[in-house]
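Right, one structure below, let's go through it.
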Amino acid sequence: MEWEAVIGLEIHAQLATTTKIFSGASTAFGAQANTQACGIDLALPGTLPVFNTKALEMAVMFGTAIDAEISKTSVFDRKNYFYPDSPKGYQTSQLFYPIVGLGSLEIE
């Protein structure tokens, strides 16, 4: 049996937006603890997320820069986790229909 090494990267980015991706809470660096959270972040009943359009613009700009597929339809998925620092009990991610798909960056 012959094996082939396949290596993938999962890349995380911190966007320079003034509010979080799904809430209007601030992202100011160095703020006092527990001062940058709102009902969405705390998973209060009845709260609904509002997507940060600046984050969308930045994602599309990045995708364009790496010659990636930019999806016309995008869906956010829930990954269920039970961590004490995650009151919602899930993490929002994009597995099946991401904003930015396959792309490449040539490094010499």
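Take peptides 86-92, 31-37 and line them up by average Cβ neighbours within 10 Å, highest first, as a rough protection proxy.
Values: 86-92: 12.3, 31-37: 9.9.
In decreasing order of mean packing, 86-92, 31-37 become 86-92, 31-37.
The dipole here belongs to the chain: it is taken about the Cα centre, uses +1 on the Cβ of Lys and Arg and -1 on the Cβ of Asp and Glu, and is about 740 debye. Over the range 53-93, what is the relative contact order in percent, taking alpha-carbon pairs closer than 8 angstrom and at least six residues apart? Worked out over the range 53-93, it gives 27 percent.
What the phi angles of the range 73-81 give under the Karplus curve with 6.51, -1.76 and 1.60, with θ = phi - 60°, is a coupling list of 10, 9, 10, 9, 10, 9, 9, 6, 9 Hz, glycine and proline written as x.
Against the main long axis of the alpha-carbon atoms of the chain, helix 53-65 sits at an angle near 10°. Close amide H contacts of residue 77 (hydrogens built in the peptide plane, cut-off under 5 Å, sequence separation of 5 or more or a different chain): 93, 94, 95. Residue exposure proxy: 96, 51, ordered by other Cβ atoms within 10 angstrom of their Cβ from fewest to most, comes out as 96, 51. Relative to the current alpha-carbon distance between residue 91 and residue 107, full extension at 0.36 nm per residue lengthens the span by 2.6 nm. For the range 16-29, backbone phi angles converted through the Karplus equation (6.51, -1.76, 1.60; θ = phi - 60°) give residue-by-residue couplings of 7, 9, 8, 10, 5, 5, 10, 8, x, 5, 5, 10, 4, 5 Hz, Gly and Pro being listed as x. Residues whose amide H lies under 5 Å from that of residue 36, counting only those 5 or more places away or on a different chain, are absent; hydrogens are built 1.01 Å from N in the peptide plane. Counting other Cβ atoms within 10 Å as a rough exposure proxy, the listed residues 58, 1 run 1, 58 from fewest neighbours to most. Sequentially through the range 40-48, phi angles give Karplus couplings (6.51, -1.76, 1.60; θ = phi - 60°) of 4, 5, 8, 6, 5, x, x, 7, 10 Hz, Gly and Pro residues having no value and appearing as x.
Values quoted throughout were computed directly from the atomic coordinates according to the rules given, and no laboratory measurement underlies them. Because the structure is predicted, anything quoted here is derived from the model rather than measured. Here Cβ is always computed from backbone atoms with ideal geometry, including for glycine, and neighbour counts include all displayed protein chains.
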